[in-house]
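Before any comments, here is the structure.
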Amino acid sequence: MNRRTLIKTLGLGSLGALISKSRGAIIEKNIRPLVISTWHNQGVAANTAAWSILSTGGSSLDAVELGVQQSENDIYNCCVGLGANPDREGIVTLDASIMDHKGRCGAVAFVEGVKSPIALARRVMEKTPHVMLAGSGAQQFAKEQGFEILPNKLSDHAQKTYNNWLIKSEYKPVINIEQSNKPIAAPPVKLDNGEFNHDTIGMVAIDAEGNLSGACTTSGMAFKMRGRIGDSPIIGAGLYVDNKVGAATSSGNGEEVIRTCGSFLVVEFMRQGFSPNEACKKAVQRLLEITPTDPKTVQIGFIAINKAGEHGGFSLNPGFDYTATSNEENHQKHVLNSLLK
């Protein structure tokens with residue numbers, strides 16, 4: 001019996017019961033809705049929103065957009081949305097990207113005044129022939145699409161943090177600020193409402209049809225140089241989806257991820273047959289080989305889902321976690337293994 005006859009016999013035109021991990025595309029096995037997102041502190045709210053779509057048969061694309069919007073709408077979030085910390089000029093600039101199971105993708109970078117950059121990124125994907133719009137051009141497109149452009153007014157906590165930063169004006173990103181108990185200049189360990197701050201939110205999901213999508217949104221590093229863009233809006237760096245294989249996203253120091261096309265690299269390792277955990281670990285190892293800075297001073301974490309609905313992740317330094325939600329996992333926190341101790 002040849003392969004084609006076997007497939008017809010097994011009836012794999014619908015959701016499959018066979019999985020192939022041998023150096024190529026992964027065929028679905030027991031496909032189930034699943035969503036994972038970076039960081040547990042913000043991931044529960046984000047996954048809850050995404051799961052409201054996935055659990056009722058909705059698309060992974062709609063799920064990841066709605067999911068990360070929860071962080072964008074959180075005015076106490078230090079690192080996502082218009083309530084976040086500004087650049088060193090006191091202006092909040094936002095980056096976001098989104099990608100679906102058809103290989104379509106959209107992104108915005110260095111955009112000001114838009115409450116939901118992930119929604120704008122989806123409009124770029126669906127309404128333009130481009131992949132990325134930036135700066136004033138992205139803002140102009142937002143106006144044309146009916147988005148409200150809000151004035152540059154810092155949230156109360158961001159203004160307070162910015163004023164404190166201006167005293168010394170030092171730019172020293174601190175890894176794992178979410179997990180730290182040490183006082184640091186910026187951003188604060190805890191916000192005024194008592195919650196821990198958090199970083200970029202990246203989310204990838206697989207729906208009941210076995211289709212993958214991903215989204216990533218951020219304000220970037222606090223007090224960055226004017227015009228700095230990290231990995232989050234760059235397809236293949238902060239986010240990548242291949243519906244035959246899997247999806248991956250990252251969080252941490254974007255410059256390091258860009259150097260290795262990190263999320264694309266994770267998906268390529270999964271294409272070679274490695275599990276999500278193994279693929280993320282290999283991508284972190286590659287990054288460690290070429291980073292020009294002291295690896296103990298930077299943090300990178302990758303998380304991923306493969307076509308079989310397996311998930312995992314790996315980080316450079318300890319302290320990175322993510323949230324998984326499915327029929328089997330109710331917003332489960334997963335702490336990543338790391339290369340360095």
In the range 288-302, residue nearest to the chain's Cα centre (by Cα) [restricted to those that are surrounded by 13 or more Cβ atoms within 10 Å (Cβ to Cβ), among the β-branched types (Val, Ile, Thr) and in a loop (DSSP other than H, G, I, E, B)]:
VAL298
Counted residues, the range 251-287 - those being of a type in the set (Phe, Trp, Tyr) and closer than 19 Å to GLY230 by Cβ:
1
Qualifying residues in the range 44-64 (those that are under 16 Å from the mean Cα position of the chain (by Cα) and buried (at least 24 other Cβ atoms within 10 Å of the Cβ)) - the one nearest to ALA222 (Cα to Cα):
ALA46
Tell me which residues, restricted to the range 257-275, are touching a Ser or Thr at 6+ places or on another chain (Cβ under 9 Å) and touching a residue at least 60 places away in the same chain (Cβ under 8 Å).
GLY273
With respect to the numbered conditions (1) surrounded by 22 or more Cβ atoms within 10 Å (Cβ to Cβ); (2) out of contact with any Pro (no Cβ under 6 Å at 6 or more places or on another chain); (3) modelled with pLDDT under 95, which one is the sole condition not fulfilled by ILE234?
(3)
Of all residues in the range 318-333, which are touching a helix residue (DSSP H, G or I) at 6+ places or on another chain (Cβ under 7 Å) and more than 16 Å from TRP51 (Cα to Cα)?
GLY319, ASP321
Could you tell me whether LYS333 is outside any helix (DSSP H, G or I) and more than 28 Å from ALA63 (Cβ to Cβ)?
no
Can you pull out every residue in the range 308-330 that is in a loop (DSSP other than H, G, I, E, B), buried (at least 24 other Cβ atoms within 10 Å of the Cβ) and at pLDDT 95 or above?
LEU316
Of all residues in the range 239-261, which are buried (at least 24 other Cβ atoms within 10 Å of the Cβ), more than 18 Å from LEU288 (Cα to Cα) and of a type outside the set (Val, Ile, Thr)?
LEU239, TYR240, GLY246, ALA247, ALA248
Can SER116 be described as of a type in the set (Gly, Ala, Ser), closer than 15 Å to THR218 by Cα and either modelled with pLDDT of 95 or more or crowded, with 21+ Cβ neighbours inside 10 Å (or both)?
yes
Since ILE206 meets every condition but one in (1) in contact with a helix residue (DSSP H, G or I) (Cβ under 9 Å, 6 or more places away or on another chain); (2) at pLDDT below 95; (3) crowded, with 19+ Cβ neighbours inside 10 Å, which condition does it not meet?
(2)
Please name all residue pairs, on different chains or six or more residues apart, with Cβ atoms under 9 Å, provided the first residue is in the range 108-126 and is at positive phi and the second residue is buried (at least 21 other Cβ atoms within 10 Å of the Cβ) and among the charged types (D, E, K, R).
PHE110/ASP95
What's the total number of residues in the range 252-281 that are aliphatic (A, V, I, L, M) and part of a loop (DSSP other than H, G, I, E, B)?
0
With the checklist (1) among the polar types (S, T, N, Q); (2) surrounded by fewer than 23 Cβ atoms within 10 Å (Cβ to Cβ); (3) at pLDDT 95 or above in hand, flag the one item ASN73 doesn't pass.
(3)
Check whether at least one residue in the range 135-150 is on the phi > 0 side of the Ramachandran plot, surrounded by fewer than 20 Cβ atoms within 10 Å (Cβ to Cβ), free of Cβ contacts under 8 Å to residues at least 40 places away in the same chain and not charged (D, E, K, R), and report yes or no.
yes
With among the charged types (D, E, K, R), touching a residue at least 12 places away in the same chain (Cβ under 8 Å) and surrounded by 21 or more Cβ atoms within 10 Å (Cβ to Cβ) as the only criterion, which of LYS281, LYS224 stands out?
LYS281
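The values are calculated or read from the model by the stated rules, or taken from the named source; none is laboratory data. This structure is a prediction, so every number in the text was calculated from the model and none was measured. Positions of Cβ are backbone-derived with ideal geometry, glycine not excepted, and every protein chain shown enters the neighbour counts.
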